[in-house]
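Engineer: Following this message is one structure expressed as structure tokens.
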Amino acid sequence: AQSVTQLDSQVPVFEEAPVELRCNYSSSVSVYLFWYVQYPNQGLQLLLKYLSGSTLVKGINGFEAEFKKSETSFHLTKPSAHMSDAAEYFCAVSEGGFKTIFGAGTRLFVIA
Amino acid sequence: NAGVMQNPRHLVRRRGQEARLRCSPMKGHSHVYWYRQLPEEGLKFMVYLQKENIIDESGMPKERFSAEFPKEGPSILRIQQVVRGDSAAYFCASSQAGQSSYNSPLHFGNGTRLTVT
């Protein structure tokens, strides 16, 4: 069965410092991987997705993620944090079936 | 170009009452998913529906919970005889095709926050 582990429930970073949010998954088959962002009192918005091809995926707002099959990881990074990046971030995995499985989320705090 | 619309945004119910949560998918989307979000737990899949069909309800509690997506009108998530443990944010998502189509990510509504007193 597929599962997603987000290793940090909270990540504080200083403004303009680099960001890394970690995500590991488990699955016995090929997967599609996603990162979503949730701002307060809103639904989730898709940041980026890995379906196939290049393992480095670029998303919106300057975020990118690298799929590392050998490490079963899909960490989200950004070179320089902005105050507007403060939100909750969810890693998700789908085996191409009907369900997308979400991690527990990582709350990103940006410190001025 | 309306996105996924959920209403109400906030719903307060006393124990034992019924809660009805509505979701209108994005225009052109015929696949609807319901998720429940509890603090510190992320989103838990509940049910996947297409028009007039429940495709996968493996995440739905066996009792008191039901979902429908009629030919006309929004999808409804119904919780009968609510209990305090039902308090959560319920999110609806839609997609243009089933998740088996890789190019069909989920589009989420802003959720309904249910509080059971």
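Read the figures in this text as sums done on the coordinates, not as results from a lab. Since we're looking at a predicted model, the values are computed, not measured. Cβ placement follows ideal geometry from the backbone for every residue including glycine, while neighbour counts extend to all protein chains displayed.
Engineer: On a C-alpha basis, how far is the centre of the stretch B:40-57 from the centre of the stretch A:61-90 in Å? Whole number, if you could?
Structural biologist: Result: 27 Å between the Cα centres.
Engineer: Under the definition of partner shielding as Cβ atoms of other protein chains within 10 Å of a residue Cβ, what is the mean value for peptide A:102-109?
Structural biologist: Going residue by residue through A:102-109 and averaging, the value is 3.
Engineer: For chain B, compute the number of Lys pairs whose alpha carbons are separated by less than 21 Å, excluding pairs fewer than 8 positions apart on the same chain.
Structural biologist: 4
Engineer: Let me ask something else. Please identify, among B:F91, B:F45, B:F69, the residue showing maximal mean-square fluctuation in a Gaussian network model of chain B using a 10 angstrom Cα cutoff.
Structural biologist: Between B:F91, B:F45, B:F69, it is B:F45 that shows the largest mean-square fluctuation.
Engineer: Lys/Arg Cβ at +1, Asp/Glu Cβ at -1, dipole of the stretch B:48-117 taken about the Cα centre: which of B:Q50, B:Q96, B:A67 is farthest positive-ward?
Structural biologist: Among B:Q50, B:Q96, B:A67, the one farthest towards the positive end of the dipole of the stretch B:48-117 is B:A67.
Engineer: Restricting to Cα pairs below 8 Å that are 6+ residues apart, what does the relative contact order work out to for chain A? Please round to a whole percent.
Structural biologist: Relative contact order of chain A: 38 percent.
Engineer: If each residue's Cβ is checked for other Cβ atoms within 10 Å, how do B:D86, B:D56 rank with the fewest at the top?
Structural biologist: Ranking B:D86, B:D56 by Cβ neighbours within 10 Å, fewest first, gives B:D56, B:D86.
Engineer: Still on this structure, please answer the following. Placing +1 at every Lys and Arg Cβ and -1 at every Asp and Glu Cβ, with all other atoms neutral, what dipole size does the stretch B:36-109 have around its Cα centre, in debye to the nearest 20?
Structural biologist: It comes to approximately 100 debye.
Engineer: Take every Cα-Cα pair in the protein assembly as shown and report what % of them are more than 22 Å apart.
Structural biologist: 52
Engineer: Which is farthest toward the positive dipole end of chain A among A:F109, A:M83, A:Q45, measuring Cα position about the Cα centre, with Cβ charges +1 (Lys, Arg) and -1 (Asp, Glu)?
Structural biologist: A:Q45
Engineer: Averaging over all projection directions, find the projected area of the Cα convex hull of chain B and quote it in nm² with one decimal place.
Structural biologist: Computing the convex hull of the Cα atoms and averaging its projections yields 7.1 nm².
Engineer: How high is the relative contact order of chain B, in percent, with contacts defined as C-alpha pairs under 8 Å that are six or more residues apart?
Structural biologist: Relative contact order, chain B: 36 percent.
Engineer: Sort B:Y33, A:Y39, A:Y25 so the one with the fewest other Cβ atoms within 10 Å of its own Cβ comes first.
Structural biologist: A:Y39, A:Y25, B:Y33
Engineer: Still on this structure, I have one more. Pick from A:F14, A:F67, A:F90: which residue has the top mean-square fluctuation in a GNM of chain A where Cα pairs under 10 Å get a spring?
Structural biologist: Of A:F14, A:F67, A:F90, the Gaussian network model singles out A:F14 as fluctuating most.
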